[in-house]
Structures are given as C-alpha cells and as structure tokens.
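Scroll down for the structure; my scribbles are underneath it.
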Amino acid sequence: MFFSPKSVAIVGASEREDSVGQRLLLLNMQEAGFSGRLYPVNYKHDELLGLKAYPDIDAIPDTLDLVVIATPAPTVPGIVRQCGEKGVGSIIISAGFGELGEAGRRLQQEILDIAHRYDIRIIGPNCLGVIRTSSGLNATFGDGKVKEGNLALVSQSGAVCTAILDWAQAQDIGFSTVVSTGAAADIDFGEILDYLAMDSKTTGILLYVEGIRDARRFLSGLKAAARLKPVILIKSGRHEAGSKAAMTCSMRRLPGPAWSEPTASRNCFPRHAFWPTTMCSNTIAWRSFPPGS
C-alpha cells in the first residue's frame, strides 16, 4: 500500500514550520490533495494543521495503510515495532543509521529485524520519501508541488531527487511516481522496478543509482522494465573517488568503480546517462515518445 494508501499516519508531525514533520510532510500531504484519512502523531499536541493529533499510532482508532516516520533515529525501532503489531509498512525519513558507522548500522539492522519478525516492509531509512501523484500522495519533505505525469523517478540520493524535481517543475514535466530509497535497508530498486514495469500510469523510468544490495534482483527488474518502457539510468561513482563519496551518503556500492555497466546494458538495454544534465535532456526527448518505445 505504499502507492495507494487510504489512511496514513505521520509520526513526528509538528507545528514548527521548519520541521520535517510539519511543513515538509504533513503540509505536503494536504497540499497534494490526499483524499484519504491523515493522522498526525505527536504526543505534545492535540491538533496539528486542523487535524486531530494522537500520542502514538496505537491510539489511532483506524486501520492504517501506511506510516511515515520522521523522528530521531533512537526512537524508530519502537515505532517500527508498533507498526508491526498493526501489520502496516512504513517509510522511514529519519537519518542516523548505516551512514553513521557501526552504531548506526546496528540500529538499522534492529529495525530490519523487527520488520522481518512482523512481516512488514520498509522504504528507507534516511530517504526523502515517496510521491504518487494519482493518489494525491506526497509523503516527502521536498519543497514544492509535483505535477502529475507519466515518468517515474527512483533515486537513492534525496539531494539528486530534489534537484531533478526542481528542474522538472521549471520544465513543466510531471511524474507518476517518485521514490527515494535512501539506505534501502529493505525495499530496493529491484522490487520497485518490478512494480513500475507493470504500472499503467508510468511510461518511462529515471534511475539514480549509488549502490545495489541485491544485484541479481536489480538486473532482473531492470531487464523486465526496459523491455516495456524507456529507462534512463545514471550511476554515481564511475570513478573511485566518486564511488567513495557515494558510499558515505548511502549503502555499499557494487564491486568496482564502474560497476558492471557493459553487461547490464547489453542484457537490459537501459539508456545510460552519466550526468544529471544528460538525464534531464533525455527526459525532455521522452515526452514525444509513445509508451513502450
């Protein structure tokens, strides 16, 4: 239910205009026209932006389809456990996990173990969030509205994701789906590509890849998607220095500074774009392509 939830809880919602939970999550959901049930969670408030607030997700008298978590990293395992007890997946916006060294990696593994124990799924942590324009879902802390369109953007880097969305807004380009995977502790590129390949609202896919946890699943998903619709892939860290920089911001990279691009392109036929400007110019060209070209 990550892309078509009917009820969403935002844990960490706040009245502060500079906070991720208020201005850049709760308000984004309202301004995107989300027509489902929206539940801010903050034990310090009874009401936020005209909505009744709850002290925790256990207090919400409804079946939840999605929980968005934007609280300090040490609080996240307990919240994920509550999600597990309710059988609901989550988008973890919070940072402070694998990107911060051994202690952060242990915390990330803890939330993953909890998710596996309860058989729930996670996007993130340390991500920008998810947008599904047809559902009125903007569960991100990005600034600005996203036009509805037929392109999907999947990026590990929240900064690159934001930059492309800002550029697209100026070019009047819309998106069907935007997914910032962040650390991709659980849901990774492969599963998202499987979904987008069969998604009737998506006719082209843009990928920004820093590293892959499951290379076999990724290549399988990429091959399936590229046979049905255009795919542009930009891979960071084609040189060793860039690869090391990407590792500090995300998960581990694939072996070798240049990954296995010749093999991937030979088998999957993606259009490679090694700079964001190339990705953007190719995107403009796509607008005249029929679906599946």
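The values are calculated or read from the model by the stated rules, or taken from the named source; none is laboratory data. All values reported here derive from a predicted model rather than from experimental measurement. For neighbour counting, all protein chains shown are included, and Cβ atoms are generated from backbone atoms with ideal geometry for every residue, glycine included. Protein only, heavy atoms only, side chains kept; ligands, DNA and RNA dropped before computing areas. Shrake-Rupley method; radii C 1.70, N 1.55, O 1.52, S 1.80 Å.
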Of the residues 168, 152, 184, 139, which single one is of a type in the set (A, V, I, L, M), on the phi > 0 side of the Ramachandran plot, touching a Lys or Arg at 6+ places or on another chain (Cβ under 9 Å) and in contact (Cβ under 8 Å) with a residue 40 or more places away in the chain? 184
Mind listing whichever residues of region 63-82 are among the β-branched types (Val, Ile, Thr) and either modelled with pLDDT under 95 or open to solvent by 10 Å² or more (accessible area, probe 1.4 Å) (or both)? 63, 71, 75, 79
Taking the criterion of being touching a Pro at 6+ places or on another chain (Cβ under 6 Å) and surrounded by fewer than 18 Cβ atoms within 10 Å (Cβ to Cβ), would at least one residue in region 38-51 satisfy it? yes
So residue 33 passes all but one of these: (1) part of a helix (DSSP H, G or I); (2) within 15 Å of residue 139 (Cβ to Cβ); (3) open to solvent by 40 Å² or more (accessible area, probe 1.4 Å). Which condition number does it fail? (1)
Looking at (1) small (Gly, Ala, Ser); (2) open to solvent by 40 Å² or more (accessible area, probe 1.4 Å); (3) under 20 Å from residue 137 (Cβ atoms), find the lone condition where residue 94 falls short. (2)
Evaluation of residue 102 against (1) of a type outside the set (A, V, I, L, M); (2) at pLDDT 95 or above; (3) at negative phi; (4) surrounded by fewer than 23 Cβ atoms within 10 Å (Cβ to Cβ) (one fails), failing number: (2)
Could you tell me whether any residue of region 30-40 is touching a strand residue (DSSP E or B) at 6+ places or on another chain (Cβ under 8 Å) and either free of Cβ contacts under 8 Å to residues at least 24 places away in the same chain or under 19 Å from residue 117 (Cα atoms) (or both)? yes
